[in-house]
Amino acid sequence: MATTVMNTTTAMDTGTSTEISVGSPAAFLGALRLGSAALPIGAFAYSQALEQAVAIGAVTDRHSAARWIEGMLGHSLLGLDVPVLSRIYRALARERLDEVDRWSDFLYASRPTHELRAEERQLGRSLFRWLDRQGEACAARHLERGKPTLAAAFAVSARSLGLSHEAAALTYAFAWCEAQVGAATRLIPLGQSDGQLVLSGAIARLDAGFQRALALEDDELAATAPGQALLSAAHETQYSRLFRS
C-alpha cells in the first residue's frame, strides 16, 4: 500500500491540494532517514554563509533568521536545487547518465564561491560513500567523478528507496531547512522553541513554492542570492568560525 503526503497549498494558493506519493511504508521510513540530521554526511558543519551574516549583525534574532532562511528558500533552493534534483531523478529513471551528469555539473557550477563548491563536493561525496556501503551499485560511478553533488546523491538514494521525484525533492528541501535552523540555533543563539518557530515559517514557505519550483522551465532555473555569495566569500577569511561555510 502506498503512503501519500497531502500538500494543501499550491504556489498560487488556490486552495487546491496535491498528493505526493512516497511509495510504501518502507519507502516513507527511508525518506525520514534520508532527511534526518543524523545522516552521516556532515551537513551540520556548514552554514552556507549564515555564520558570516550573524558576524556582521545582519541576522541577530528569530525574525531576521526567518527572513534569511525563507529568503534563501525563495531565491536559491526553490529556484535551483529542487528543480535540478527533480531533473536528475527523472534522468536516472530513463537511464540517461549523460543528463544526470549535465544537471549535476550545472548545479555545481551554480555555486558562486570556493566554500560553497567545497561543501557541495563534500556532502555529495559523503552521501555517495554511504550509499556505496549500503550496496548501491551506481554509487561508485558517481564517486569517481570529480564533482559529485548532494542533489545527485539524493536522487540516487530516492530511486533506490522507491520514492517519487517529488518526495525526493521535498525531503531534500526539508533537510536543508532543518540544517539552516540548526545553524541559526547555535550561532545567534536561538532557543529551541524559537528555532521551531523559524522552522515552521520555512516549512510554510516551502509548501507555498514547491509545486511552482517543480514546474519551472530549464531556462528559468537560477539562484539569485548575491548577498549570500558576498558573505560566503568573506567567510573564507573570517577569523573565528564554527562552520566550514
Taking segment 73-119 and keeping residues closer than 20 Å to residue 164 by Cβ and in a loop (DSSP other than H, G, I, E, B) leaves 94, 95, 96
Hits in segment 121-137 - residues which are surrounded by 23 or more Cβ atoms within 10 Å (Cβ to Cβ) and either among the charged types (D, E, K, R) or in contact with a strand residue (DSSP E or B) (Cβ under 8 Å, 6 or more places away or on another chain) (or both): none
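Does residue 109 meet the test of being under 15 Å from residue 87 (Cβ atoms), surrounded by fewer than 16 Cβ atoms within 10 Å (Cβ to Cβ) and at pLDDT 95 or above? Talk me through it step by step, then tell me what you get.
Values: under 15 Å from residue 87 (Cβ atoms): yes; surrounded by fewer than 16 Cβ atoms within 10 Å (Cβ to Cβ): yes; at pLDDT 95 or above: yes.
When the stated conditions are applied, residue 109 passes them.
Would you say residue 171 is touching a Gly at 6+ places or on another chain (Cβ under 8 Å), farther than 24 Å from residue 223 by Cβ and either in contact (Cβ under 8 Å) with a residue 40 or more places away in the chain or in a helix (DSSP H, G or I) (or both)? Walk me through how you get there before you give the answer.
Numbers: touching a Gly at 6+ places or on another chain (Cβ under 8 Å): yes; farther than 24 Å from residue 223 by Cβ: no; either in contact (Cβ under 8 Å) with a residue 40 or more places away in the chain or in a helix (DSSP H, G or I) (or both): yes.
For residue 171, the condition - touching a Gly at 6+ places or on another chain (Cβ under 8 Å), farther than 24 Å from residue 223 by Cβ and either in contact (Cβ under 8 Å) with a residue 40 or more places away in the chain or in a helix (DSSP H, G or I) (or both) - is not met.
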Which ones in segment 135-154 are in contact (Cβ under 8 Å) with a residue 24 or more places away in the chain and within 15 Å of residue 41 (Cα to Cα)? 148, 149, 150, 151, 152, 153, 154
Go through segment 28-58 and count every residue that is surrounded by fewer than 23 Cβ atoms within 10 Å (Cβ to Cβ), over 14 Å from the mean Cα position of the chain (by Cα), assigned to a loop (DSSP other than H, G, I, E, B) and at pLDDT 95 or above. 3
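The values are calculated or read from the model by the stated rules, or taken from the named source; none is laboratory data. Since we're looking at a predicted model, the values are computed, not measured. Glycine gets a Cβ as well: all are built from the backbone with ideal geometry, and neighbour counts include every protein chain shown.
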